[in-house]
Structures are given as structure tokens and as C-alpha cells.
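**Student:** I am attaching a structure below and will ask some questions about it afterwards.
Derivation of every value follows stated rules applied to the coordinates shown; laboratory data play no part. Nothing here was measured: the structure is a model prediction, and the numbers come from that model. Positions of Cβ are generated from backbone atoms using ideal geometry, with glycine treated the same way; all protein chains shown enter the neighbour counts.
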Amino acid sequence: MPSFSKTFLPAMGLLIGLSACATVKRLTPDLTKIPVPPMPSFTTLKKVTRILPGMPSSDKATEDDPQVPFNARGTLGYGQTLRLHVYEGSRNTKRIYNGVAMIDSQGVINFGNEIGSAKIGGATLPEAVTALTATFRVGLRLTRPVTVHILSVEDVPVVSITGDVLKDEFIPAWEDMTIKQAVTVAGGRKLGSPNRGVYLIREGYRRYYPSLEAADEHEPEPGDIIYLSPDL
């Protein structure tokens, strides 16, 4: 006859262990299933006003540049055209590029022999910024920080939200938007983050604010980068 302690107690231990695992699983959020806030209804998009003399007023690199649908949360592809401002430095910034550039059939933007090319076809806008930053830094042999501002894609003005956020985002810029609204649409800060500081980066320059409420004294413009501080 089997011993009660040798069969019952291990079984009970297993059940308790499984129950504990199930409880932990229920209490632990699945980060992959956190819903992404929907895009608001953009009745009036902001206009890109920082267009230097001699630059096209629309995102059209050449006469045969096609008009291609654009989704700020989607991936980039052939025919889509980006309006870029690129700056070198963080204190005394210097603009090193201003123009519109189209993604070719190979998924590449070619900036010429001096700068080189960046393959961004199939990338999201945050991923494209990383590739573009590397292209300008390596191609021009720069040692100071490089800041890439994407003002618009296919004539859709955008702002970037990055740093201490749930997920790096680009969202269309609408009239009378606030920095706090932009961060909310992007999903907000990382779960449990105690930080409050935020930087507004415009034309390569950073301006610090102690909170989103304080930052709302400035309305975001196309190309702005809203950087939520990860340590302040």
C-alpha cells in the first residue's frame, strides 16, 4: 500500500506551484498586448512653415515623384518623399542638410557622393531616423551629435515622440495640438516611470521643461522632437 506522504504531498506541492505561476501570470502585464492609443481625427493638419527659399513647397523631389499613401505608424516604401532638416551639434547647432528626398525602388534615399545613401524602405519612421543619422555622421565624418528632423512625409506634417516612452512614435501634427496631447497619443511614458522632465528639440536645439504641463506653453511644430527624459 503506497505511503500517503510520498504521493499526496508532492502532488499538493505541484498544484500549489502551478497555482502560484498562474497567479503571477495574471498579475504580470503582458507588454506585447498593451493597446496602442488610436490616432485622433485630424480635421486640420498643421502647415510646414519652415521652408527655406528655393526649396519646394510640397514633398515632391522630381516631376515624376508619385503621390503615395502614408501612414505615420506604418513602414516606408518606394515613392514616398521625406522633408528633412539635419543639424550638427547640440549647443551651437549648424544645419547640414535641408531638402526633400524620395525613396527609390530599392528602398534607398541617395544623398550624393559626399553624404552617401540610407536604406529605409521597409523601416518605420523611428528606424529611418536611426539609419539617416548614421548616414550623415559617417558620410560627413562628423564627431558632434547629429539630429535628424523629419518635418513631413508625402505632405503630412509630423512630430516625433521619443525617449522615456512606451514606444517611439511619429504622429501627424494638427492645429492647436499640445505637447501633452502628442505624448498621450503616443502612449505616454514607460509603465511605472517616475520621471517628469521633457525636452522640446527644434532645429537641433533642446529646451528643457520640468513637466508636460510646463512644456505646453509651446505648441509643437512639424519636425519637432518631443524627448521625454529617462532620468529627470
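**Student:** Which percent of Cα pairs goes in each bin when the distances of the range 86-212 are cut into 5 angstrom slices starting at zero?
**Tutor:** So the P(r) values, bin by bin, are 2, 9, 18, 22, 19, 16, 9, 4, 1, 0.
**Student:** Count neighbours as other Cβ atoms within 10 Å of each site's Cβ, and list the trypsin sites (Lys or Arg not before Pro) in the range 104-177 that are DSSP loop with at most 10 such neighbours.
**Tutor:** Answer in residue order: Arg141.
**Student:** If the limit is 26 Å between Cα atoms, which of Lys60/Lys190; Lys47/Lys94; Lys46/Lys190; Lys47/Lys190 go over it?
**Tutor:** Among Lys60/Lys190; Lys47/Lys94; Lys46/Lys190; Lys47/Lys190, the Cα-Cα distance tops 26 Å for Lys60/Lys190; Lys46/Lys190; Lys47/Lys190.
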